[in-house]
Amino acid sequence: MDDKGYYQKRWYKGLIPIDILFPNKQFGGIYHLGIHILYDLIMRDVRFTAKKVYSDSGRLTSKLIGISISYERDFKRIPKLLKENNIKITKDREQIIFCGGTAVMLNTKSIEPIADFIVLGDIEAIMPEVLKKYKEQGKEQFLKEIKDIEGVYIPGGKKTVKEIEDLDLVAYPLYQPLPENMNNKFVFGETFMLEIERSCPYSCSFCVIPAVNKKNKIRSLESIKKIIDAGIKINKREHVTIYSPAFTHPKRKEILKYLLEKGLRFSLPSIRAEVIDEELLELIQQGGEKSITIAPESTERLRKDLGKAVSNKVYENIINLAKNHGLKVKLYALIGTPGMSDLDVEELCRWLNQQKCYVSINPLVPKKLTELSYYKFDTEKIKKQAEIVKKNLKVKYKIANINNSYEEYIAGI
């Protein structure tokens, strides 16, 4: 596809519209790569056109509606949003509603009463086949024709999951339009989103990433360079946000060096401690980053129980190295994990105080399909541990809302 491609696609009679709903606010939704991928897939098909809708922006007007759900608490927003757009929640409606996303992959049950069909797996491997089957026939006939497509789940039928084999073999959403009027709520500003890998080679017991993407897929350096060149040219951006679960890409340094050669600034996700060294920190600092984020999660003993066999000493060395390069360090830590006692929380606070870093404290929310799916969210225990944190932690910190975390847990079980 050339630099213009479908980006100048014009409306014509017979073009079939599809609405893409992100059931949360626009200032966060525009940075959700999944809806850009779905938008791109639809717009590349000559028969269709797509429109993005958010909880606070746009209206649902199409017969075909796709909903991307990444967060369990968004499940409860969907009935309200449909009603506001005069769409029936029940399936005797005219519209065909399909759903996908991480939260759906973990738990289809919460959306099955609303969704006519559900996408399980990588949407690039599934949606093109679905679109081929749509000929504006009746809903019942359409669902009958797609029910045997791998990765399509019609509630009550057979579940299959389909993943792509190679990220280099699927199209990338190079065109990433942003709203005309953006304010400071749009935290990443005018950025180009760059996915370099999907899933993670590590298997932390609480993490959903390997649960929903079992194959660890790496985009090649050559492909990444082409995406950067085209994406920056098309969107006229000077900043790149790298999408990666833990920044474990084997060519991570080469990627950053290429961005620097192009005169681009960049932002990074949380980074696995095992891949950080002095050269990487130098590159991060050169790219305009002011801080890095790492996730020690807990005390050294409990961290190993969670599947992170990284010593306190390793984290301490990284923190010192980062500070020597003028980078602030943000730490993620968990409370409410299996086997965590009040004494463990106090020990964790003592260690965090020694690091003199900003800390984000989050209750563990057990997820389906993970190793900790059996574990229960104990609100009383977590609130008690949060009080211990407030009493003992002396560095700047933030504790996630425990009631919201409980809602997330309940919505996901």
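Filter segment 318-348 down to the residues that are part of a helix (DSSP H, G or I) and under 30 Å from Ala411 (Cα atoms) and list them by number. Break it down into steps so the answer makes sense when it comes.
Of the residues in segment 318-348, the ones part of a helix (DSSP H, G or I) are 318-324, 342-348.
Selection gives Asp342, Asp344, Val345, Leu348.
Do you know which of the residues in segment 39-52 that are part of a strand (DSSP E or B) and in contact with a Phe, Trp or Tyr (Cβ under 8 Å, 6 or more places away or on another chain) is surrounded by the most Cβ atoms within 10 Å (Cβ to Cβ)? Restricting to residues being part of a strand (DSSP E or B) and in contact with a Phe, Trp or Tyr (Cβ under 8 Å, 6 or more places away or on another chain), the top hit is Ala50.
Could you tell me which of the residues Glu136, Glu124 is more than 22 Å from Leu369 (Cα to Cα) and over 24 Å from the mean Cα position of the chain (by Cα)? Break it down stepwise before answering.
Details: Glu124 fails: over 24 Å from the mean Cα position of the chain (by Cα).
Among Glu136, Glu124, only Glu136 is more than 22 Å from Leu369 (Cα to Cα) and over 24 Å from the mean Cα position of the chain (by Cα).
Of note, Lys323 does not satisfy the criterion of being touching a Phe, Trp or Tyr at 6+ places or on another chain (Cβ under 7 Å), of a type outside the set (A, V, I, L, M), surrounded by 14 or more Cβ atoms within 10 Å (Cβ to Cβ) and closer than 19 Å to Tyr397 by Cα.
Okay, residues lined up against (1) open to solvent by 20 Å² or more (accessible area, probe 1.4 Å); (2) assigned to a helix (DSSP H, G or I):
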position: Lys135; (1), (2): yes, no
position: Asp168; (1), (2): yes, yes
position: Tyr172; (1), (2): no, no
position: Pro179; (1), (2): yes, no
position: Met182; (1), (2): yes, no
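Listed by first and then second residue, the pairs linking a residue in segment 265-289 that is closer than 18 Å to Leu331 by Cα to a residue that is surrounded by fewer than 20 Cβ atoms within 10 Å (Cβ to Cβ) and aromatic (Phe, Trp, Tyr), with Cβ atoms under 9 Å apart and 6 or more places separating them unless they lie on different chains, are Ser267/Phe188; Pro269/Tyr243; Ser270/Tyr332; Arg272/Tyr202; Glu274/Tyr202. Every test in (1) more than 29 Å from Ile284 (Cβ to Cβ); (2) open to solvent by 10 Å² or more (accessible area, probe 1.4 Å); (3) touching a residue at least 12 places away in the same chain (Cβ under 8 Å) is passed by Val345 save one, and that test is (2).
Just to be sure I understand, how many residues within segment 290-308 are open to solvent by 20 Å² or more (accessible area, probe 1.4 Å), within 15 Å of Ala333 (Cα to Cα) and either part of a loop (DSSP other than H, G, I, E, B) or not basic (Lys, Arg) (or both)?
4
Quick one: which of Lys159, Lys83 is under 18 Å from Val53 (Cα atoms), open to solvent by 40 Å² or more (accessible area, probe 1.4 Å) and either at pLDDT 95 or above or not in a loop (DSSP other than H, G, I, E, B) (or both)? Walk me through how you get there before you give the answer.
Working: Lys159 fails: under 18 Å from Val53 (Cα atoms).
None of the others qualify; the one that does is Lys83.
Considering only segment 219-235, I want to know if a residue exists there that is of a type in the set (Asp, Glu), part of a loop (DSSP other than H, G, I, E, B) and either closer than 24 Å to Leu169 by Cα or open to solvent by 40 Å² or more (accessible area, probe 1.4 Å) (or both). Checking segment 219-235: not a single residue is of a type in the set (Asp, Glu), part of a loop (DSSP other than H, G, I, E, B) and either closer than 24 Å to Leu169 by Cα or open to solvent by 40 Å² or more (accessible area, probe 1.4 Å) (or both).
So which of Ile114, Ile126 is hydrophobic (A, V, I, L, M, F, W, C), touching a Leu at 6+ places or on another chain (Cβ under 9 Å) and part of a helix (DSSP H, G or I)? Let's see the steps before the verdict.
Working: Ile114 fails: part of a helix (DSSP H, G or I).
It is Ile126.
Taken over segment 53-73, the criterion of being outside any loop (DSSP other than H, G, I, E, B) and surrounded by fewer than 21 Cβ atoms within 10 Å (Cβ to Cβ) is satisfied by Ser57, Arg73.
What are the pairs with Cβ atoms under 8 angstrom where one residue, in segment 143-172, is of a type in the set (Phe, Trp, Tyr) and the other, located anywhere, is part of a loop (DSSP other than H, G, I, E, B)? Sequence gap at least six, or different chains. Qualifying pairs under 8 Å: Tyr153/Thr108; Tyr153/Leu120; Tyr153/Lys159; Tyr153/Thr160.
Consider segment 139-156 and keep the residues that are of a type outside the set (Asp, Glu), open to solvent by less than 80 Å² (accessible area, probe 1.4 Å) and assigned to a helix (DSSP H, G or I). The one that is farthest from Lys225 (Cα to Cα) is Lys139.
Filter segment 15-37 down to residues that are part of a strand (DSSP E or B) and not acidic (Asp, Glu) and give me whichever is most open to solvent (accessible area, probe 1.4 Å). So that I can check it myself, show each step before the final result.
Taking segment 15-37 and keeping what is part of a strand (DSSP E or B), we get 16-22.
From what is left, the residues that are not acidic (Asp, Glu) are 16-18, 20-22.
Values: Ile16: 13, Pro17: 50, Ile18: 2, Ile20: 3, Leu21: 2, Phe22: 10 Å².
So the residue we want is Pro17.
The values are calculated or read from the model by the stated rules, or taken from the named source; none is laboratory data. Predicted model only: the values in this text are computed from it and were never measured. FYI the Cβ positions are ideal-geometry reconstructions off the backbone, even for glycines, and counts take in every protein chain you see. Please note that ligands, DNA and RNA were not included when accessible areas were found on the heavy atoms of the full protein model with its side chains. Shrake-Rupley method; radii C 1.70, N 1.55, O 1.52, S 1.80 Å.
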